[in-house]
Each structure stands twice: as C-alpha cells, then as structure tokens.
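In what follows, a single structure is set out as structure tokens and then discussed.
The values are calculated or read from the model by the stated rules, or taken from the named source; none is laboratory data. Since we're looking at a predicted model, the values are computed, not measured. Quick reminder, even Gly has a Cβ in these numbers, built from the backbone with ideal geometry, and neighbours come from all protein chains shown. Surface accessibility is based on the protein's heavy atoms, side chains included, excluding ligands, DNA and RNA. Shrake-Rupley method; radii C 1.70, N 1.55, O 1.52, S 1.80 Å.
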Amino acid sequence: MLKVQEIREIIKLIDESDIDEFVYRQDDLKIELKKKGKSPAQETVRYVTGPVPALQPAAQQESKSKQPATEQAPVATESTLVSKAEEKSNLYEIVSPMVGTFYQAPSPDSDSYVNVGSEVTSGSIVCIVEAMKLFNEIEAEVDGEIAEILVKDGELVEYGQPLFLVEPK
C-alpha cells in the first residue's frame, strides 16, 4: 500500500515530466493520475478501493443478468460517445484544490454563489471548500457561464475533483 507522501512524490514527478497519464494497481487498490495542464491543481486523482470492476458498460452487465443470451441490450455507439465527449471538450473544469466539504453558499441561509447559467468572471467566487475548520473561497479561473454543478452542497470533495463545468466566453 502506498503512503500519502509516496503519492505526493509521484504527483510531483508526473507534474515535472511529459507523462500525461499514470495508473497504479496493487491488489484491490487502483490510482489513476491524469494531467490536464501544467499545474498540480489541474490534475485528476482518483482512488478506487475494493475489487476493480471489469471494463464493461453497465447496459451490457444488466443485459447479461436480466435477458436471455440471445438478446442484447442496445449499447451506445462510438459516434454517440464521441459526440458527448466533443460536447464537453469545450467546457472548462473548476477543480477542488484540496480535500474538504463543498458549500455553494457562504452560510446556510444565504443564496448560492452561482447556479447553472450564472455568468462568472476570472477571480469571482464560485463556492467554499471547508478544510479543518478553515473556509477556503474557490474562484473561477475563466470568464464564462456555469454549464453544470458536479457536486452537491455539503458533499465531501477530493483534491483535483471537478466541481463545476464552465462554458468559456
């Protein structure tokens, strides 16, 4: 099992190298690191514990358990998957710079900083992430419109986890 310090060293090495993606597997542990830009805050880190699932679409897994072997459930075609990827490829992700609790508003009785469709400018506050009783304001890094909020209020977030999708202007 890797220690947190070892994972940090791996992240630093990947950040300083030309490697765009790194996957580490050991027993029931899987760590994926994918670089999206030059800064470590823009990397995606995903920790998976427990059995690593087979790489099969959910529709196929359900069809095997519910339908006879002669019938197959419809599976998304490659062109459908590409069009969904292209649709989101122009969107910018605002990611969490730390582990903590996500809050959409400065207090429970206040309005949310942003909603889907809200206009944001670079440097405007979009949410708060609480870490160890410190409330850290998270700012937008681009000008644009909030296309999607990916986290629910009060939910725990991880370092590098996408919080918002912004359509740049």
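Results, tabulated for the structure shown:
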{"read-out": "Selection count, region 150-163, where residues are part of a strand (DSSP E or B), open to solvent by less than 60 Å² (accessible area, probe 1.4 Å) and out of contact with any Asp or Glu (no Cβ under 7 Å at 6 or more places or on another chain)", "value": "2"}
{"read-out": "Within region 99-136, considering residues that are part of a loop (DSSP other than H, G, I, E, B) and among the acidic types (Asp, Glu), the one nearest to residue 159 (Cα to Cα)", "value": "111"}
